[in-house]
């Protein structure tokens, strides 16, 4: 597809131009973008409403419609994230290490941009601004390919960003949106290894698997969020109910919402009735050993084998009984997506064992999984939550969009 090739070539050229942008220019640009987002709030919502109406006609689930929606609060949060990012120290050019070779050469290790970042994402138009702002701050050019569900929102936000950027000498093709919704556009994009340096897919399991299996470009996987909370025998059960309720219901459509709760067998009858009552708007799917004692509740259902390890992104929660922290760790490590998992406990040894042995990007003790977020971690937004182990892991902020190179200064040395 000639259009995708043109976009990729232009992005590569823009990535080189970005290297000449000064930190103060990038920061002024970001602050102006944040201000414009607030000034154009009503226009953003108007564009977003077109997507929401189309989504309803397409029978999108409530969870997907929620991910798609840009409310006043979410628009204001987008702007605030951009402002916070503008206030960060510029990572580009940071000297990470340095030493003198025995022959007198001075060797320095510095932080540099990745180059061209391709982001393929679904349904969440706030990603458009997060990605563009993080790319600019880290001096990367970015190619965005959102979903058809959010096309009107994405087009408006990219145009807004570029119109503001043009006033501050942003390279013309630094932020580009692939507007074609043809699947072939993605097929072409993920094979442009000559021009695109890294791909970051954000979306469902099928999208990520397709890209990983077919791309000729390095991929940073932002995995599915099959998050767990284990309630230990020593946990404060009142606090546990509040944490679980927050982790499931505060925003169920996002990847850091809890999907499965594991209960120590000694606390099942002490906490489960309260949990069922407090989460009355949640369908609670119980393991068969638990279901027989709680099947009288309206919001309780017998869980199937497929429910354990599933990412619902909805008001659905599985509950399972375990014998202790060892079984909880073994179960989570075999069913988790490696995103975020939490232990609720007052036992120091159990907490430390859990934190040390759970193999996930973010592991909590006595806190909700909902904090796995670049904004909450103080990154001013995120490009995604990486669940892989190479290059970056966990919430990916501006530093995770950089790599390193070595600068060697000599005075005529030969080997």
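Some points to look at:
- Filtered residues of the stretch 37-48 (kept if more than 24 Å from the chain's Cα centre (by Cα) and surrounded by 14 or more Cβ atoms within 10 Å (Cβ to Cβ)): 40
- Some residue of the stretch 168-184 being assigned to a helix (DSSP H, G or I), at pLDDT below 95, surrounded by fewer than 24 Cβ atoms within 10 Å (Cβ to Cβ) and more than 20 Å from the chain's Cα centre (by Cα): yes
- Complete set of residues in the stretch 22-54 that are without any contact (Cβ under 8 Å) to a residue 24 or more places away in the chain and either within 21 Å of residue 120 (Cα to Cα) or not assigned by TED's automatic domain parsing to the domain that holds residue 84 (or both): 52
- Matching residues in the stretch 55-71 - criterion: being surrounded by 20 or more Cβ atoms within 10 Å (Cβ to Cβ), at pLDDT 90 or above and more than 11 Å from residue 125 (Cα to Cα): 55
- Number of residues in the stretch 62-94 that are farther than 30 Å from residue 403 by Cβ and in a loop (DSSP other than H, G, I, E, B) equals 3.
- Test result for residue 110, part of a strand (DSSP E or B), touching a strand residue (DSSP E or B) at 6+ places or on another chain (Cβ under 8 Å) and closer than 16 Å to residue 404 by Cβ: yes
- Being surrounded by fewer than 22 Cβ atoms within 10 Å (Cβ to Cβ), at pLDDT below 95, assigned to a helix (DSSP H, G or I) and out of contact with any helix residue (DSSP H, G or I) (no Cβ under 6 Å at 6 or more places or on another chain) is a condition met by at least one residue of the stretch 146-165.
- Every residue from the stretch 268-292 that is over 24 Å from residue 345 (Cβ atoms) and surrounded by fewer than 15 Cβ atoms within 10 Å (Cβ to Cβ): 280, 281, 288, 292
- Filter result (within 13 Å of the chain's Cα centre (by Cα), assigned to a helix (DSSP H, G or I) and under 22 Å from residue 19 (Cβ atoms)) within the stretch 361-400: 400
- Some residue of the stretch 226-236 being within 30 Å of residue 366 (Cβ to Cβ), modelled with pLDDT of 95 or more, out of contact with any strand residue (DSSP E or B) (no Cβ under 6 Å at 6 or more places or on another chain) and in a helix (DSSP H, G or I): no
- Filter pass, residue 295 being more than 30 Å from residue 85 (Cβ to Cβ), assigned by TED's automatic domain parsing to the domain that holds residue 267, loosely packed, with under 15 Cβ neighbours inside 10 Å and touching a helix residue (DSSP H, G or I) at 6+ places or on another chain (Cβ under 9 Å): no
- Close pairs from the stretch 6-21: first under 12 Å from residue 175 (Cα atoms), partner in a helix (DSSP H, G or I), Cβ under 9 Å, at least 6 apart: 7/189; 8/188; 8/189; 18/26; 18/135; 18/136
- Residue 315 being under 30 Å from the mean Cα position of the chain (by Cα) and surrounded by fewer than 21 Cβ atoms within 10 Å (Cβ to Cβ): yes
- Residue among 246, 265, 236, 256 that is under 14 Å from the mean Cα position of the chain (by Cα) and assigned by TED's automatic domain parsing to the domain that holds residue 327: 256
- Filter result for the condition that a residue is over 22 Å from the mean Cα position of the chain (by Cα), free of Cβ contacts under 8 Å to residues at least 60 places away in the same chain and part of a loop (DSSP other than H, G, I, E, B), over 274, 281: 281
- Of the listed requirements (1) assigned to a helix (DSSP H, G or I); (2) farther than 30 Å from residue 197 by Cα, residue 59 misses just one: (1).
- Residue match in the stretch 198-211 (condition: buried (at least 20 other Cβ atoms within 10 Å of the Cβ), assigned by TED's automatic domain parsing to the domain that holds residue 67 and more than 23 Å from the chain's Cα centre (by Cα)): no
- Residue satisfying condition, being assigned by TED's automatic domain parsing to the domain that holds residue 248 and part of a loop (DSSP other than H, G, I, E, B), within set 306, 314: 314
The values are calculated or read from the model by the stated rules, or taken from the named source; none is laboratory data. In this text the structure is predicted, and so the values were computed from the model without any measurement. Cβ sites come from the backbone with ideal geometry, for glycine too, and all protein chains shown count toward neighbours.
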